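Q: Quick one: structure below, then a few questions.
The values are calculated or read from the model by the stated rules, or taken from the named source; none is laboratory data. Note that this is a predicted model, so its numbers are computed, not measured. Glycine also receives a Cβ, built like all others from the backbone with ideal geometry; neighbour counts cover every protein chain displayed. We work out accessible area using only protein heavy atoms, side chains counted, and drop any ligands, DNA or RNA first. Shrake-Rupley method; radii C 1.70, N 1.55, O 1.52, S 1.80 Å.
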Amino acid sequence: MHDEACVAIHASHVLVEQLLHHFKDDWKSALGVSRWAETHPSFDHAPEAYDLMVDILGKTRQFGKMRELVDEMRQKNLVTLKTVAKLMRRFAGAHQWQDVMRTFDELGTFGL
């Protein structure tokens with residue numbers, strides 16, 4: 001991530017969202033884009049980008065990484081009802097019923 005070419009590229013919300021959509025089926029590349037953008041001092045992810053990452057990680061069944069990302073979002077007060085809906089939908093789609101119930105039980109901790 002310290003490649004001069006990568007550092008020279010300005011991270012914008014539009015660029016990050018386009019890249020996340022492009023890598024919607026490749027969680028490693030999508031997460032790499034997300035982390036690369038965070039290396040730019042003046043860049044903060046939009047809640048929509050976080051939600052897109054939650055969706056990508058959930059769709060590819062990277063539930064541990066998805067939880068880590070949601071915890072990061074929780075610390076920044078960026079969890080929305082849309083985020084919670086994506087979490088529950090991805091857990092339910094994978095028949096992870098305990099995680100669905102835990103997410104429901106944790107609603108109060110998301111600041112909603």
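Q: Sequence-distant or interchain residues sharing an amide H contact under 5 Å with His40, placed H: which?
A: HN-HN under 5 Å from His40: empty list.
Q: Additional query: At 1.4 Å probe radius, can you tell me the per residue accessible area of the chain in Å²?
A: Each residue of the chain exposes 60 Å² on average to a 1.4 Å probe.
Q: Under a crude label model (7 Å from the Cα following the beta-carbon direction), how far is Lys82 from Asp25 in nanometres?
A: 2.4 nm
Q: A further question on this structure: Return the sequence-ordered ³J(HN,Hα) values of the stretch 39-44 in whole Hz as given by the Karplus equation 6.51 cos²θ - 1.76 cosθ + 1.60 applied to θ = phi - 60°, using x for Gly and Pro.
A: Couplings: 6, 7, x, 9, 9, 10 Hz.
Q: Let me ask something additional. Stretched out fully, how many nm does the piece from Phe63 to Trp97 gain, at 0.36 nm a residue minus the Cα gap?
A: Result: 10.9 nm gained on full extension.
Q: Let me ask you something else. Percent relative contact order of the chain, based on C-alpha pairs within less than 8 angstrom and at least six residues apart? Working shown, then result.
A: Values: 90 pairs, mean separation 23.0, N = 112.
After rounding, I find 21 percent.
Q: Now for a different question. I need the helices of the chain that pass two filters: whole DSSP H segments spanning 15 Å or more by Cα along the axis, and mean Kyte-Doolittle score no lower than -0.5.
A: Qualifying helices: 27-38, 47-59, 81-93.
Q: Take every Cα-Cα distance within the chain, group them into 5 Å bins from 0 onward, and report for each bin the whole-number percent of pairs it holds.
A: Computed distribution, short to long bins: 2, 12, 22, 23, 18, 12, 6, 3, 1, 0.
Q: Report, please, the projected area of the stretch 47-103 averaged over directions, based on the convex hull of its C-alpha atoms, in nm².
A: Details: hull surface 13.1 nm².
Hull-based average projected area comes out at 3.3 nm².
Q: As I understand it, the dipole of the chain uses +1 on the Cβ of Lys and Arg and -1 on the Cβ of Asp and Glu, about the Cα centre. Which of Trp27, Pro41, Trp97 lies farthest toward its positive end?
A: My answer, from the dipole projection, is Trp97.
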